[in-house]
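Worksheet for the structure shown next.
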């Protein structure tokens, strides 16, 4: 009996790495920074001010008022951005731009014609 050949595993970015990258984007976002600035780095529940003074540290965190579907975001990143390598093409910058322009024009035409109703 011949030994089974192991198929080479396709690279898959771990969810933990995606979560970490999204967290970094959020922590460095302008929207988050603006919320901290607008609310004067102050807790909106108890009024305590954020502080880094030794012995009086108060860490202010930014909470999303509406629920964030993190699992949905992770799924979307995996499906739309981190596709199977067989679905990815290497292009020079110019060809990549032209490809996006062609795809955008096709999508615009598709939307234009999908709005028409056929009359019989």
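Okay, here's what the table says:
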read-out	value
Failed item, numbered, when residue 41 is tested on (1) surrounded by 10 or more Cβ atoms within 10 Å (Cβ to Cβ); (2) at negative phi	(2)
Failed item, numbered, when residue 47 is tested on (1) surrounded by fewer than 10 Cβ atoms within 10 Å (Cβ to Cβ); (2) within 24 Å of residue 87 (Cβ to Cβ)	(2)
Selected residue (only one of 61, 57 is modelled with pLDDT of 95 or more and surrounded by fewer than 10 Cβ atoms within 10 Å (Cβ to Cβ))	61
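The values are calculated or read from the model by the stated rules, or taken from the named source; none is laboratory data. The model shown is predicted, which means the values in this text are computed figures rather than measured ones. Cβ: placed from backbone, ideal geometry, glycine included. Neighbour counts: every protein chain shown.
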